[in-house]
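Engineer: I'd like to ask some things about the structure below.
The values are calculated or read from the model by the stated rules, or taken from the named source; none is laboratory data. The model shown is predicted, which means the values in this text are computed figures rather than measured ones. FYI the Cβ positions are ideal-geometry reconstructions off the backbone, even for glycines, and counts take in every protein chain you see. These area figures cover heavy atoms from the full protein model, side chains too; ligands, DNA and RNA do not enter into them. Shrake-Rupley method; radii C 1.70, N 1.55, O 1.52, S 1.80 Å.
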Amino acid sequence: FVTEFAFDSTGRYLAYALADTNGRNNALYVLTLTEPDVPARRIQSAPYEHYAQLSWNNSRGLLAFLSAVEDEEEQFGDAALRLWSASGDTRLVMAADAAPDAWLLPFENSLRWTEDGERLFFGFKTAARVHAERRLQRQKNEDDADKDSTALFDVGALAGEAGLDVWHWRDSLIIPNQIKQWKNNDKAIYRAVYHLAKDEIVPLAGPMMAELQAVKNSRYALGLADGPYRREITWNGWFDDLYLVDLHSGRRSLIAARLRSASAQVSPGGAFAVYYQDSLWYLYECSTGRRRAVNAEIATPFYNEDFDYPRTAPAYGVAGWTADDDGVLIYDKFDIWYFPTHGTGARRITENGREQRLVFRIQKVDPRRRWFDPDERLLLSGYHDSLKHSSFYECRIKTGGPRLLLEEKRRFRFLAKAEDADLFLFSKESFREFPDLWIAGPDFSRPRRLTDVNPQLAQYRWGSAELYEWKSQDGRPLQGVLVKPDDYDPAKRYPLIVYFYRFYSQRLYEFDRPRIHDRFKLPYYASHGYCVFMPDIRFDIGAPGQSAVKCILPGVQQLVAEGVADPDKLGIHGHSWSGYQTAYVISQSNIFDAAIAGAPVSNMTSAYSGIRWGSGLARQFQYERFQSRIGGSLWEYPLRYLENSPVFYADRISTPLLIMFGDDDGAVPWYQGIELYLALRRHDKDCIFLQYHGEPHHLKKYPNKVDYDIRMKQYFDHYLKKLPPADWIVRGEPYWGE
């Protein structure tokens with residue numbers, strides 16, 4: 001009958017809650033593990049009362065917990081918050097009926113002490129939300145006979161049982177999104193804090209400022225409020241107002257309004273906050289409200305330099321703070337910058353990242369540390385943006401650097417540092433090398449391999465990967481990855497499949513795990529005699545489809561000209577966003593001999609005002625400001641929506657096309673596949689549409705994943721290798737009943 005238990009950090013105490021079948025012997029106990037002959041102490045007990053959220057204050061030897069009574073309908077009432085101390089005292093912090101006005105303390109909660117043991121964080125729900133939840137649960141528990149007893153002509157009662165949603169033009173969120181938010185927020189709570197020394201509870205978050213950043217200082221937290229901008233989400237995406245929240249009074253002070261990307265942090269000591277807005281990083285002094293843009297005089301961009309969406313580019317982020325809140329570390333694309341909080345003197349501590357196109361990032365070897373000392377050794381990862389391989393470096397904030405520790409034509413991932421030794425755990429991988437675990441000392445001079453998880457790889461034809469470079473149709477330098485079979489012969493030409501999304505060149509040294517799913521498997525096709533080309537795509541605002549054409553076709557043509565690819569055996573494959581691009585590319589060129597498009601948008605005009613049923617969001621924002629990159633509404637740029645929709649070029653498509661959709665797709669409406677299929681069918685084009693029943697955006701059911709895997713291979717084998725076609729490719733599969 002144990003429902004929950006918790007050990008304190010010393011291992012001296014074990015707290016556990018019991019709830020028996022009849023509910024009359026429910027109780028909370030604490031067992032002293034250092035006294036095995038002493039029975040467990042019962043510290044709280046009441047019929048039908050339950051106990052949960054057991055949370056030890058390891059600095060003070062206190063146990064916080066919630067208690068609530070379960071009623072006959074198996075619903076928990078309002079909870080009470082209590083503390084138990086090792087001396088045996090139990091203190092009632094807040095009774096079940098003593099929550100602040102308009103709030104209730106829910107039994108399903110999250111109790112968390114700060115490291116110093118001075119504050120306990122937990123959450124409230126609004127009373128209106130809790131009452132609505134209980135009312136809905138009571139309705140579900142009603143007997144069917146009672147539901148059927150409504151008088152035939154009792155208009156009021158009948159109308160009360162009507163099933164409908166009312167969509168109002170002034171709704172802050174559209175109804176499908178309200179429904180998703182309601183369900184997703186079933187266990188959501190608004191953060192509050194209990195100050196132990198003052199024996200005081202302070203609500204911090206609420207419906208208008210629901211999100212509160214994790215608090216790691218004793219003075220302030222940062223809160224985000226999207227309330228003023230919720231209606232805009234439909235077409236413009238997300239914005240937030242940033243607030244400084246006083247942990248002792250609950251008072252909120254507006255720091256910045258209408259942030260597109262809320263990159264913000266409070267310093268470990270609570271003296272400063274830093275936030276990003278419109279390409280500038282601002283330092284905000286919490287006690288005075290003064291602010292300054294710390295990078296205003298620096299020519300180096302701190303926004304994402306590869307950002308090609310029609311909205312404000314986000315930042316690369318904050319790396320951390322130095323001791324005593326003396327400085328903050330901020331990333332640009334390549335380097336790490338130190339900005340003092342008092343005065344000027346910003347500088348790069350990595351010195352040469354941009355010049356060498358090396359992306360430096362701090363690896364936090366101790367996740368419990370909240371700041372860096374200026375003299376301490378920092379472990380850095382290095383990523384060669386042009387060459388795509390990894391390295392490890394070290395540097396110090398005070399003296400800079402960096403100094404190279406380890407570099408190979410591989411991809412490294414730092415995993416952990418030993419707590420009581422200077423030993424570092426990391427993985428190392430390449431296209432054909434599984435990411436086994438390695439260990440090294442502080443200088444990384446003699447790394448030692450710990451695991452050999454997949455020795456059977458040596459038995460398989462796997463393929464090799466190399467960096468490939470070319471120029472787009474408008475002269476822009478591009479990179480990608482070319483995968484070749486193990487026995488590649490430069491004197492032969494190979495069937496080539498293009499597989500892409502946006503940027504894939506960074507996958508040069510990634511190990512590709514063969515799995516049964518709806519994605520492309522590089523080693524599988526390479527081992528069957530295919531070359532695979534993974535090009536990067538650079539997008540122009542307002543022309544996403546043509547951007548894909550300009551990037552992909554010159555790369556394929558160069559591979560044909562160099563004798564790698566057979567011009568009569570060219571295929572292209574994409575899913576979702578690249579499924580759309582695949583459909584568009586074959587509408588603009590007949591260079592390909594076969595194409596597979598999974599979940600493609602085919603008609604931007606009809607998709608624009610649809611719903612993403614997985615989230616309940618409208619799709620307008622995606623087309624105007626996000627992935628589709630059109631740059632404005634359907635009424636501002638009607639031609640852009642038409643010109644970027646492959647369905648309007650269906651009469652030009654000559655490439656055989658296989659379309660795949662799950663008919664429960666919550667991201668791309670599956671009728672987008674129907675539109676493209678019907679358009680191609682109307683023009684007597686070679687097209688097959690695979691509709692998987694009850695499947696979301698990515699196939700989940702294993703038989704369906706196996707089936708699609710097989711059909712993809714059969715499709716490409718027939719059109720690119722000229723093997724005999726599978727029967728479904730020639731004749732389809734007529735419906736014969738379920």
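Engineer: What FRET efficiency do you get for Glu133 and Ala102 if R0 is 22 Å and r is their Cβ-Cβ distance, rounded to the nearest 0.05?
Structural biologist: 0.90
Engineer: Taking N as the number of residues in the range 277-347, what is its alpha-carbon radius of gyration divided by 2.2 N^0.38 Å?
Structural biologist: Rounded to two decimals, the normalised Rg is 1.14.
Engineer: Roughly how many Å is it from the Cα centre of the range 232-264 to that of the range 47-64, as a whole number?
Structural biologist: First find each Cα centre; the distance between them is then 33 Å.
Engineer: I would also like to ask the following. Around Gly579, under 14 Å between beta carbons, what's the net of Lys plus Arg minus Asp minus Glu among the other residues?
Structural biologist: -1
Engineer: Let's test this: bin the Cα-Cα distances of the range 440-563 at 10 Å from zero up to the farthest pair and state each bin's percent.
Structural biologist: 12, 36, 29, 16, 7, 0
Engineer: On to the next question. Nearest 10 degrees is fine. How inclined is helix 671-682 to the longest principal axis of the chain, computing both from alpha carbons?
Structural biologist: With rounding to tens, the tilt is 20 degrees.
Engineer: Let me ask something else about it. Return the sequence-ordered ³J(HN,Hα) values of the range 233-250 in whole Hz as given by the Karplus equation 6.51 cos²θ - 1.76 cosθ + 1.60 applied to θ = phi - 60°, using x for Gly and Pro.
Structural biologist: Once θ is set to phi - 60°, the couplings for the range 233-250 become 3, 3, 10, 10, x, 9, 9, 9, 8, 9, 10, 9, 10, 6, 5, 8, 10, x Hz.
Engineer: Once amide H atoms are built 1.01 Å from N in the peptide plane, which residues 5 or more positions from Gly123, or in another chain, come under 5 Å H to H?
Structural biologist: Those lying under 5 Å, H to H, from Gly123 are Ser110, Ala192.
Engineer: Here is a follow-up. Expressed as an acute angle from 0 to 90° and rounded to the nearest 10, what is the orientation of the C-alpha long axis of helix 702-721 relative to the principal long axis of the chain?
Structural biologist: In the chain, helix 702-721 runs at an angle near 20 degrees to the longest axis.
Engineer: Can you tell me the mean projection area, over all orientations, of the convex hull of the range 474-531's alpha carbons? Units nm², please.
Structural biologist: Average of the hull's projected areas for the range 474-531 equals 5.4 nm².
Engineer: In percent, what relative contact order does the range 490-554 have, based on Cα pairs under 8 Å that are 6 or more apart in sequence?
Structural biologist: 38
Engineer: Which lysines, on any chain, are close to Lys187 with Cα under 28 Å apart, when same-chain ones fewer than 8 places away are left out?
Structural biologist: Of all the lysines, those that pass the test against Lys187 - Cα under 28 Å, at least 8 places apart if same chain - are Lys125, Lys140, Lys216, Lys700.
Engineer: Order Asp37, Asp240 by their accessible area, 1.4 angstrom probe, all chains in place, largest first.
Structural biologist: Asp37, Asp240
Engineer: Can I ask one more? Quick check: residue separation of Ala6 and Glu351 times 0.36 nm, minus the Cα distance between them. What number comes out in nm?
Structural biologist: Here the segment from Ala6 to Glu351 would lengthen by 119.4 nm.
Engineer: If Rh is defined by the Kirkwood formula over all Cα pairs and Rg also comes from Cα, what ratio Rg/Rh do you get for the chain?
Structural biologist: That ratio equals 1.00.
Engineer: On average, how much accessible surface per residue is there in the range 611-738, in Å², for a 1.4 Å probe, leaving out ligands, DNA and RNA?
Structural biologist: With the other protein chains kept in place, the range 611-738 gives 51 Å² per residue.
Engineer: Between Leu642 and Lys492, what is the label-point separation in nm under the 7 Å Cα-to-beta-carbon projection?
Structural biologist: Roughly 4.9 nm, to one decimal.
Engineer: Which loop-located GluC sites (Glu not before Pro) does the range 463-570 contain, where loop means any DSSP state but H, G, I, E or B and the Cβ has at most 14 other Cβ atoms within 10 Å?
Structural biologist: For GluC sites (Glu not before Pro) across the range 463-570 that sit outside H, G, I, E and B with at most 14 neighbouring Cβ atoms in 10 Å, the list reads Glu562.
Engineer: Given H placed on each backbone N at 1.01 Å, which residues far from Ala210 in sequence or on other chains put an amide H within less than 5 Å of it?
Structural biologist: Residues meeting the criterion, in which the H sits 1.01 Å from N, are Asp226.
Engineer: What whole-number distance in Å separates the alpha-carbon centres of the range 315-371 and the range 376-453?
Structural biologist: 19
Engineer: Of Val359, Val706, which has the most accessible area with a 1.4 Å probe, and how do the rest follow in descending order?
Structural biologist: Val706, Val359
Engineer: Let me ask something additional. List the residues of the range 720-738 whose backbone N lies under 20 Å from a point placed 7 Å from the Cα of Gln691 along the Cα-to-Cβ direction.
Structural biologist: 728-738
Engineer: Mind ranking Val38, Val668 by accessible surface for me, highest first, 1.4 Å probe?
Structural biologist: Largest accessible area first, the list is Val38, Val668.
Engineer: Something else about it: Please get the size of the charge dipole for the chain, origin at its Cα centre, with Cβ charges of +1 on Lys and Arg and -1 on Asp and Glu, quoted in debye to the nearest 20.
Structural biologist: Computed charge dipole of the chain: roughly 1960 debye.
Engineer: Then there is this: Expected output is a single nm value to one decimal: the length gained when fully extending between Met208 and Asp306, i.e. 0.36 nm times separation in residues minus the C-alpha distance. What is it?
Structural biologist: Contour length minus the Cα-Cα distance gives 31.9 nm.
Engineer: I've got another one for you. Rank-order 168-175, 307-314, 596-603 by packing density, defined as the average count of other C-beta atoms within 10 Å over each peptide's residues, highest first.
Structural biologist: Top to bottom by mean Cβ count within 10 Å: 596-603, 307-314, 168-175.
Engineer: May I ask for the net charge around Lys388, where only other residues with Cβ less than 13 Å from the Cβ of Lys388 are counted and Lys, Arg are +1 while Asp, Glu are -1?
Structural biologist: My count for the surroundings of Lys388 gives -3.
Engineer: Using 1/(1 + (r/R0)^6) with R0 = 45 angstrom and r between the beta carbons of Ala157 and Ser606, what's the FRET efficiency to the nearest 0.05?
Structural biologist: Rounded to the nearest 0.05, the efficiency is 0.65.
Engineer: Give the distance, in whole Å, between the Cα centre of the range 601-650 and the Cα centre of the range 69-97.
Structural biologist: 52
Engineer: What's the Cα-based Rg to Rh of the range 616-692, Rh via Kirkwood?
Structural biologist: 1.01
Engineer: Which one, Leu482, Gly563, Trp577, projects farthest toward the positive side of the charge dipole computed for the range 422-579 from Cβ point charges (K/R +1, D/E -1)?
Structural biologist: Trp577
Engineer: Here's another thing I want to ask about it. Would you mind checking the pairs Lys484/Lys521; Lys333/Lys417; Lys364/Lys388; Lys364/Lys398 and listing those with alpha carbons more than 24 angstrom apart?
Structural biologist: Violating the 24 Å limit, Cα to Cα: Lys333/Lys417.
Engineer: Please report the net charge: other residues with Cβ closer than 12 Å to the Cβ of Lys125, K and R +1, D and E -1.
Structural biologist: That works out to 0.
Engineer: What percent of all Cα-Cα pairs in the range 492-643 falls into each 10 Å bin, going from 0 up to the bin containing the maximum distance?
Structural biologist: Bins of 10 Å from zero give 10, 38, 32, 16, 4, 0 percent of pairs.
Engineer: For n ≥ 4 DSSP H runs only, could you compute -39500 (n - 2.57) per run for the chain, divide by its residues and tell me the 222 nm figure to the nearest 500?
Structural biologist: After summing the helix terms and dividing by the residues of the chain, the value is -5000 deg cm²/dmol.
Engineer: Averaging sequence separations of C-alpha pairs under 8 Å and six or more residues apart, then dividing by the length of the chain, give the relative contact order as a whole percent.
Structural biologist: 6
Engineer: Over all directions, the average projected area of the alpha-carbon convex hull for the range 162-238 comes to how many nm²?
Structural biologist: 7.5
Engineer: Using only the Cα atoms of the range 337-387, build the gyration tensor, take square roots of its eigenvalues as a ≥ b ≥ c, and label the shape rounded, prolate or oblate: rounded if a/c is under 1.5, else prolate if a/b is larger than b/c, else oblate.
Structural biologist: Taking the square roots of the gyration eigenvalues as a ≥ b ≥ c, the range 337-387 is oblate.
Engineer: Can you tell me the length gained on complete extension of the stretch Ala197 to Ala95, counting 0.36 nm per residue apart and subtracting the Cα distance?
Structural biologist: Extra length from Ala197 to Ala95 when fully extended: 34.8 nm.
Engineer: While we're on this one: Take the alpha-carbon positions of the range 230-338, form their convex hull, and give its projected area averaged over all directions (one quarter of the hull surface) in nm².
Structural biologist: Taking the Cα atoms of the range 230-338, their convex hull projects to 7.9 nm² on average.
Engineer: I've got another one for you. In whole percent, and with a 1.4 Å probe on the protein chains, what portion of the accessible area of the range 178-225 is carbon and sulfur?
Structural biologist: Exposed carbon and sulfur together represent 48 percent of the surface.
Engineer: Give a quick list of chymotrypsin sites (Phe, Trp or Tyr not before Pro) in the range 614-716 that DSSP marks as loop, anything other than H, G, I, E or B, with at most 14 other Cβ atoms within 10 Å.
Structural biologist: Passing both the DSSP loop test and the Cβ count: Trp635.
Engineer: If I compute solvent accessible area with a 1.4 Å probe over the protein chains, what percent of it on the range 263-318 is carbon and sulfur?
Structural biologist: 42
Engineer: Hey, can you find the accessible area per residue of the range 278-346 for me, probe 1.4 Å, expressed in square angstrom?
Structural biologist: Each residue of the range 278-346 exposes 40 Å² on average to a 1.4 Å probe.
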